[in-house]
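**Student:** Can you read through this structure? Questions will come right after.
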Amino acid sequence: MDTRFESKEHKVKVGLAEMLKGGVIMDVTTPEQAKIAEQAGAAAVMALERVPSDIRAEGGVARMADLDIIENIKRVVTIPVMAKCRIGHFIEARVLETLEIDFIDESEVLTPADNAYHVNKWDFKVPFVCGCRTLGEALRRIAEGAAMIRTKGEAGTGDVSQAVKHLREINSAMKSLTVISETELYGVAKEHRVSIEIVREVAKKGKLPVPNFAAGGVATPADAALCMHLGAEAVFVGSGIFKSDNPEKYGAAIVNATTHWRDYAVIAEHSHGLGGAMKGIQAESIPAEEQLQVR
Amino acid sequence: MNVQDKTVGVLALQGDYGLHEAQIQRLGAQFREVRLPRDFEGLDALVMPGGESTTMNILMDRFGLREPISEFGRTKPIYGTCAGMILLARNIERNQSGVKPFGMIDIDVARNDYGRQIYSFDEELIADFHGEKKAFRASFIRAPRVTRVGNDVRVLATFRESPVLVEQDHILAASFHSELEEDTTLLEYFFRHFLLDTATP
């Protein structure tokens, strides 16, 4: 195994991901929204210029957020603040690191800066989270130094089906690793273009070596609990909160459902009188070239 | 009474409670996740895990846990790590999100005082368990710093002059995360010193 996995630096990066477990990470675009998210019970906020559904609607190139937005959000909350950089854009990542952001999301929601390579995340002190659809994608990002993995889902749709698909896909691929032979593990490593050591590690433990969260289309309390049931260890909610009719109540209800994901009576009790969820669009109706998950 | 007969509650509102559960299991005790007041029934001790103290504080109010935890802490042992330490403290400095601490241990803490995530670190430290010295690893992740220690508080370990592991009566608090380790030294101490001692009258 790459000795960097055993380093103190990596340990404290994964450590912060561990601390976010069981929580909800909410997209926010203003300090006011960040305060609402914190009071709703968010475990962290993601500082952005536009939520994914607006990025999708408005089009154009989506980049790292305006630094003043990020700084202002950092100032008003005590929970960790995350921000997104474009895939492969290691300078945006360096700038965010300089701002002492707590976690960077190298995200397919922004327009990729490099169509061949992701950021070499080992080079940074700040931890990274990356999206994935399959076990191979997850393991490649982990091999690049990601301290947390999340599903890609299909961001900005409010349709949870793609996050569900990605969680199931990764789970079943991991489960199969636990029962196949050593010889076959070499085949898996080759197929996924990752080292045999990392494949062996997943085969031994039946789970990823870093926390695995859900993201992309989570829009309701029940969606969040569904993702937790399918093995997600925490939930990212993008457009779902501030595109709902009542973000304060909606945010709180999603947090409650994530905490009490096994207790359906509690989920129901706290899901009354929320007003409407974000409108959303069916993910499968989006043409392939407009899907964010393929990035 | 043996450790196998003990049930340790783990506050499971948010955070790395799963890592504490794994350690509790490894030492042979039972655990139960605590999310609602009814979950306190028959518990012998409580662990308050790492995570976000702001989030836990809000959820404790939302689900009616403040009173049961206060009541439990009057007589039963509690171990808090990082966010757990913040909640157990007397006062919180720079408390802009309005976390209401339980005041079960007479210390003041300043949240995130070692800095934001890029300043998080991992160190080998020495604890003095009432004369028995033991080395342990400690990850400090956006950790709280203990800024005042009352007269009745015993300091078991320090890092660069700041207390990082403290106890008073049946309350143990760490500003780091013992649960991130394979090594269970600190939980063993908690069990031996607080959980098993309290069983003998």
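**Student:** Of the conditions (1) buried (at least 24 other Cβ atoms within 10 Å of the Cβ); (2) closer than 19 Å to A:Leu226 by Cβ, A:Val129 satisfies every one except a single condition; which number is it?
**Tutor:** A:Val129 satisfies every listed condition except (2).
**Student:** Another question, if that's okay. Consider B:Met60 against the criteria (1) part of a helix (DSSP H, G or I); (2) open to solvent by 40 Å² or more (accessible area, probe 1.4 Å): it satisfies all of them except one. Which criterion is unmet?
**Tutor:** (2)
**Student:** Mind listing just one residue for me: the one in the stretch A:77-96 that is within 14 Å of chain B (Cβ to nearest Cβ) and surrounded by fewer than 18 Cβ atoms within 10 Å (Cβ to Cβ) and, of those, farthest from A:Ser244 (Cα to Cα)?
**Tutor:** Among those that are within 14 Å of chain B (Cβ to nearest Cβ) and surrounded by fewer than 18 Cβ atoms within 10 Å (Cβ to Cβ), it is A:Arg94.
**Student:** Another question, if that's okay. Only residues that are within 17 Å of B:Phe190 (Cβ to Cβ) and either hydroxyl-bearing (Ser, Thr, Tyr) or away from chain A (no Cβ under 14 Å) (or both): list them for the stretch B:119-130, please.
**Tutor:** Answer for the stretch B:119-130, where residues must be within 17 Å of B:Phe190 (Cβ to Cβ) and either hydroxyl-bearing (Ser, Thr, Tyr) or away from chain A (no Cβ under 14 Å) (or both): B:Ala127, B:Asp128, B:Phe129, B:His130.
**Student:** Scan the stretch A:228-243 and give yes if some residue there is among the polar types (S, T, N, Q) and under 17 Å from A:Thr259 (Cα atoms), otherwise no.
**Tutor:** no
So that you can scan it fast, the table gives a plain yes or no per residue for (1) touching a Leu at 6+ places or on another chain (Cβ under 9 Å); (2) closer than 19 Å to A:Ala43 by Cβ:
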{"position": "B:Val8", "(1), (2)": "yes, no"}
{"position": "B:Ala12", "(1), (2)": "no, yes"}
{"position": "B:Leu19", "(1), (2)": "yes, yes"}
{"position": "B:Leu27", "(1), (2)": "yes, no"}
{"position": "B:Glu33", "(1), (2)": "yes, yes"}
{"position": "B:Leu46", "(1), (2)": "yes, no"}
{"position": "B:Leu59", "(1), (2)": "yes, yes"}
{"position": "B:Gly64", "(1), (2)": "yes, no"}
{"position": "B:Gly80", "(1), (2)": "yes, yes"}
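**Student:** A:Ala265 passes all but one of (1) touching a helix residue (DSSP H, G or I) at 6+ places or on another chain (Cβ under 9 Å); (2) more than 30 Å from A:Ile55 (Cα to Cα); (3) at pLDDT 95 or above; which number fails?
**Tutor:** Every listed condition holds for A:Ala265 apart from (1).
**Student:** From the list A:Gly275, A:Gly251, which one is crowded, with 23+ Cβ neighbours inside 10 Å and either closer than 27 Å to B:Met60 by Cβ or within 14 Å of chain B (Cβ to nearest Cβ) (or both)?
**Tutor:** Going through A:Gly275, A:Gly251 in turn, the sole match is A:Gly251.
**Student:** Still on this structure, please answer the following. For the stretch A:74-116, how many residues meet the condition of being in contact with a strand residue (DSSP E or B) (Cβ under 7 Å, 6 or more places away or on another chain), not β-branched (Val, Ile, Thr) and not in a loop (DSSP other than H, G, I, E, B)?
**Tutor:** Total satisfying the criteria: 12.
**Student:** Go over the candidates B:Glu33, B:Glu41 one by one and state the one that is out of contact with any Asp or Glu (no Cβ under 8 Å at 6 or more places or on another chain), of a type outside the set (Phe, Trp, Tyr) and either under 23 Å from A:Leu20 (Cα atoms) or surrounded by fewer than 19 Cβ atoms within 10 Å (Cβ to Cβ) (or both).
**Tutor:** Matching residue, one of B:Glu33, B:Glu41: B:Glu41.
**Student:** Just for helices (runs of 4 or more DSSP H) wholly inside the stretch A:1-64: which have at least 3 residues that are more than 11 Å from chain B (Cβ to nearest Cβ), open to solvent by 50 Å² or more (accessible area, probe 1.4 Å) and over 19 Å from A:Val255 (Cβ atoms)?
**Tutor:** In the stretch A:1-64, the matching helices (runs of 4 or more DSSP H) lie at A:52-58.
**Student:** For the stretch B:91-145, name all the residues that are in contact with a helix residue (DSSP H, G or I) (Cβ under 8 Å, 6 or more places away or on another chain) and among the acidic types (Asp, Glu).
**Tutor:** If the condition is that a residue be in contact with a helix residue (DSSP H, G or I) (Cβ under 8 Å, 6 or more places away or on another chain) and among the acidic types (Asp, Glu), then B:Asp122 is the only one that fits.
**Student:** Please work out which residue is most open to solvent (accessible area, probe 1.4 Å), limiting yourself to the stretch B:63-105 and to residues that are in a loop (DSSP other than H, G, I, E, B) and under 16 Å from B:Ala12 (Cα atoms).
**Tutor:** Looking at residues that are in a loop (DSSP other than H, G, I, E, B) and under 16 Å from B:Ala12 (Cα atoms), I get B:Gly64.
**Student:** Being closer than 30 Å to A:Ile267 by Cα, touching a Ser or Thr at 6+ places or on another chain (Cβ under 9 Å) and facing chain A (nearest Cβ under 10 Å), is that true of even one residue in the stretch B:63-75?
**Tutor:** Scanning the stretch B:63-75, I find at least one residue that is closer than 30 Å to A:Ile267 by Cα, touching a Ser or Thr at 6+ places or on another chain (Cβ under 9 Å) and facing chain A (nearest Cβ under 10 Å), so the answer is yes.
**Student:** Now for a different question. Among A:Thr3, A:Thr111, A:Thr29, which is the only one that is among the β-branched types (Val, Ile, Thr) and touching a Leu at 6+ places or on another chain (Cβ under 6 Å)?
**Tutor:** Matching residue, one of A:Thr3, A:Thr111, A:Thr29: A:Thr29.
**Student:** Next question. Would you confirm, using the coordinates I've provided, whether A:His270 is at pLDDT 95 or above and either more than 14 Å from the chain's Cα centre (by Cα) or of a type in the set (Asp, Glu) (or both)?
**Tutor:** For A:His270, the condition - at pLDDT 95 or above and either more than 14 Å from the chain's Cα centre (by Cα) or of a type in the set (Asp, Glu) (or both) - is not met.
**Student:** Next question, about the same structure. Starting from the stretch B:103-121, keep only residues that are among the hydroxyl-bearing types (Ser, Thr, Tyr), then list their pairs with residues that are assigned to a loop (DSSP other than H, G, I, E, B) whose Cβ atoms are within a distance under 7 Å, requiring at least 6 positions of separation or different chains.
**Tutor:** B:Tyr114/B:Ala143; B:Ser120/B:Ile141; B:Ser120/B:Arg142
**Student:** Is it the case that B:Asn2 is open to solvent by less than 30 Å² (accessible area, probe 1.4 Å) and either modelled with pLDDT under 95 or within 13 Å of chain A (Cβ to nearest Cβ) (or both)?
**Tutor:** no
The values are calculated or read from the model by the stated rules, or taken from the named source; none is laboratory data. Because the structure is predicted, anything quoted here is derived from the model rather than measured. Quick reminder, even Gly has a Cβ in these numbers, built from the backbone with ideal geometry, and neighbours come from all protein chains shown. Areas reflect the complete protein model, heavy atoms only, side chains present, ligands, DNA and RNA absent. Shrake-Rupley method; radii C 1.70, N 1.55, O 1.52, S 1.80 Å.
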